[in-house]
Structures are given as structure tokens and as C-alpha cells.
Amino acid sequence: MREAEPSTNEREFVLAALKEGARIDGRKFYDFRTLRLSFGSDYGAVEVQLGNTRVLAKVSCEVIRPFPDKPTEGFLTFNTELSPMASSAFEVGRQTDEEVLVSRLIEKAMRRSRALDTEGLCIVAGEKVWSIRVDIHFLDHDGNLVDAACIAAITALLHFRRPDVTVVGEDVTIHTLEQRNPVPLSIHHIPICISFAFFDNGERVLVDPTYLEEQIKEGDMTLTLNVHKEVCAMSKAGGIPMELDQILQCTKIAVVKVTELTALIQEALEADAKKRQVSRK
């Protein structure tokens, strides 16, 4: 089932507001919506709310055998689920183009940028490694699923703790949380996706577009960066062509936004860690 296209009045109202230098939700062109992070009782469970877009990420792990050609590397896999609960445009058991695009962008941002130290997941070379799985569930769709999913995934990985392991010879003992404190994953850097929507042949650029803005846009682009100003990935699936100076301008905007979002993520993680310490006492 496809959702109805924006009416002519809605389209004209949004475009008229943009010409006046305004957005219909009151934000400036380069502003993100309010970001809220909430953590579950288990390590690795994070809900991200970006405006009215909500995404839940849950990390789990298991011990499996590595590939023969990579005996010391663990695994990192992502599973995205877009259900009718998020939007009536999605159907159970049928992947939409948007779901494929979101899952590919998350794979690029996390795996190809080597954000997680997969060699640190090795238990016994060639025999046992950790396989880390990130399940991403979309609860409400009001635009910019990619950025919300990326924030949820990396925050969940930073929050997650795996069981501690003791290796004596060929014997491997996996300790419960009661026996030993769990171990955090080794994260090299924090990649963050920043999505842009283009209007008026690229003359007007919006950060963090809403669902209505996504329906009206002439083109889009997603940049993945970290606080070290390293571009981890770039995706532009169709739409209007971009000049080099426009891409550079978007990169400068993204660097500022990534710094702000990374600070918010780290603050939320620190606040949750303090809460857990208090609850243990």
C-alpha cells in the first residue's frame, strides 16, 4: 500500500516557505530535530527519537566459527525491519526500495568504515569468535530514517557489553554477568550519517528532512563522517546533479553536525553509566 502523495497545497506551502528561508516546523535549514536517546535495562538496547521518527536498536552476540581465510576476525551484521507500524507504506515480508537503501547505507557506514574492531572479537583463532548482531526496528517514520538508524546502531554498539571469556588451552569458559563484569566492544571511531535534501536545483539545502520534505525534494545525499573529519561514506541515489562546491559545502555542514551529535551520544552514555552505578549500590 502506497501512502498518498502530498497535495498541491501542501507542496506549494512547503516550497513557498523555503523561498522565504523557513521550514514548516520552525527550524532553520541546517537544524536537526530534537534528538532523544533512551536506554533499556539490558546493555545494547537503545531507542532513538529524532523529532517524530523513532528507531529501536538491539545488540546481541553469540560464539561461532570464523571464516577459514579470516581466522581471527569476528562478525558484525545488521538486520533492519520496516513494518507497517512505522508507516502504512511498508508491508510485512516485502522489502521496499527504501528499506534496501537504509540497510546498505548502515552497512557502508559501520562495516566498511571499520568502526568496530572485528579482530578484537576473536576468542580462539580459527575456532571461536564473537558474532555481533544489530537489529534495527523502525517504530515511527517521519523522515530521515537513515540518520536515526545510524545513530541508534552506533549508540547501541557503544552501550553494549559482551560476556567475559576465559581461555585455558582449548577450554573456553563464557562467564555470566553475575560472575564477571561484561566487556565493552572496541570501537575505533563513531561514524554518523548526515542526510541532506535539495530544492530549487540545489540552491536550497535542508538537513534532517521530514517525511513531507522527503516527498517533495528534488534530490538527496547522505554523508557519513566522524569527529576526526574523516569521510567514511557518501551516498547519492539519483536526483538532481551536484556541483563539487555544493558537495564541499555539505561536507562542512556535516562536520559541525557530527561533532554536535557525537557529544550528545557520549553525554547520554555517561548519564546511563552513572544511573547503573547508583542502582548497583
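For residues that are touching a His at 6+ places or on another chain (Cβ under 9 Å) and assigned to a loop (DSSP other than H, G, I, E, B), scanning just the range 41-72, find the one that is surrounded by the fewest Cβ atoms within 10 Å (Cβ to Cβ).
Initially, the range 41-72 is screened for residues touching a His at 6+ places or on another chain (Cβ under 9 Å), giving 43-46, 52-59.
This time we only want the ones that are assigned to a loop (DSSP other than H, G, I, E, B), so: 43-44, 52.
Working: TYR43: 18, GLY44: 25, ASN52: 13.
For the range 41-72, the residue satisfying everything is ASN52.
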Worksheet entry | Unmet requirement for GLY202, which otherwise passes all of (1) in contact (Cβ under 8 Å) with a residue 12 or more places away in the chain; (2) open to solvent by 20 Å² or more (accessible area, probe 1.4 Å) | (2)
Response to the item:
The number of residues in the range 101-147 that are among the aliphatic types (A, V, I, L, M) and under 23 Å from THR34 (Cα atoms) is 8
Discussion item. Pairs please, first residue from the range 253-281 and more than 20 Å from ASP42 (Cβ to Cβ), second anywhere and open to solvent by 100 Å² or more (accessible area, probe 1.4 Å), Cβ atoms under 8 Å, 6+ apart in sequence or on different chains.
Written reply: VAL255/LYS229
Practice prompt. Report, by residue number, each residue of the range 201-223 that is part of a helix (DSSP H, G or I) and not β-branched (Val, Ile, Thr).
Written response: TYR211, LEU212, GLU213, GLU214, GLN215
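Go over the candidates ILE247, ILE240, ILE216, ILE253 one by one and state the one that is open to solvent by less than 20 Å² (accessible area, probe 1.4 Å), hydrophobic (A, V, I, L, M, F, W, C) and at pLDDT below 95.
Details: ILE247 fails: open to solvent by less than 20 Å² (accessible area, probe 1.4 Å); ILE240 fails: open to solvent by less than 20 Å² (accessible area, probe 1.4 Å); ILE253 fails: at pLDDT below 95.
Residue meeting the stated conditions: ILE216.
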Worksheet item: Is it fair to say VAL14 is in contact with a Phe, Trp or Tyr (Cβ under 7 Å, 6 or more places away or on another chain) and of a type in the set (A, V, I, L, M)?
Response: no
Practice prompt. Please list, ordered by first then second residue, the pairs with beta carbon atoms under 8 Å, 6 or more apart or interchain, first in the range 123-146 and under 19 Å from ILE192 (Cα atoms) and of a type in the set (S, T, N, Q), second open to solvent by less than 10 Å² (accessible area, probe 1.4 Å) and part of a loop (DSSP other than H, G, I, E, B).
Written response: ASN144/ASP208; ASN144/PRO209
Discussion item. For the range 237-258, check the following and say yes or no: at least one residue is charged (D, E, K, R), out of contact with any helix residue (DSSP H, G or I) (no Cβ under 9 Å at 6 or more places or on another chain), over 22 Å from LYS28 (Cβ atoms) and assigned to a loop (DSSP other than H, G, I, E, B).
Written reply: yes
Fill in: Residue list for the range 151-162, filter: more than 16 Å from LEU261 (Cα to Cα) and open to solvent by 30 Å² or more (accessible area, probe 1.4 Å)
ARG161, ARG162
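So, in the range 1-33, of the ones that are acidic (Asp, Glu) and open to solvent by less than 80 Å² (accessible area, probe 1.4 Å), which residue ends up modelled with the lowest pLDDT? Write out each step before concluding.
The first filter runs over the range 1-33 and keeps only residues acidic (Asp, Glu), leaving 3, 5, 10, 12, 20, 25, 31.
If we keep only those that are open to solvent by less than 80 Å² (accessible area, probe 1.4 Å) too, we end up with 3, 25, 31.
Details: GLU3: 63, ASP25: 91, ASP31: 94.
Here the answer is GLU3.
Check the range 185-199 and report whether any residue there is farther than 22 Å from ASP272 by Cα, touching a residue at least 24 places away in the same chain (Cβ under 8 Å) and not in a strand (DSSP E or B).
Step one: filter the range 185-199 for residues farther than 22 Å from ASP272 by Cα, giving 193-199.
If we keep only those that are touching a residue at least 24 places away in the same chain (Cβ under 8 Å) as well, we get 193-196, 198-199.
Keeping just the survivors that are not in a strand (DSSP E or B) gives none.
Taking every residue of the range 185-199 in turn, none turns out to be farther than 22 Å from ASP272 by Cα, touching a residue at least 24 places away in the same chain (Cβ under 8 Å) and not in a strand (DSSP E or B).
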Fill in: Test for ARG36: is it within 15 Å of the chain's Cα centre (by Cα), crowded, with 19+ Cβ neighbours inside 10 Å and more than 22 Å from ALA115 (Cβ to Cβ)
no
Fill in: Subset tally (residues that are under 19 Å from GLY40 (Cβ atoms) and buried (at least 24 other Cβ atoms within 10 Å of the Cβ)) for the range 130-149
5
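The values are calculated or read from the model by the stated rules, or taken from the named source; none is laboratory data. This one's a predicted model, so the numbers in the text were calculated from it and none came from an experiment. So basically every Cβ, Gly included, is an ideal-geometry build from the backbone, and we count neighbours across all protein chains shown. Calculation scope for accessible area: heavy atoms of the full protein, side chains included, ligands and nucleic acids excluded. Shrake-Rupley method; radii C 1.70, N 1.55, O 1.52, S 1.80 Å.
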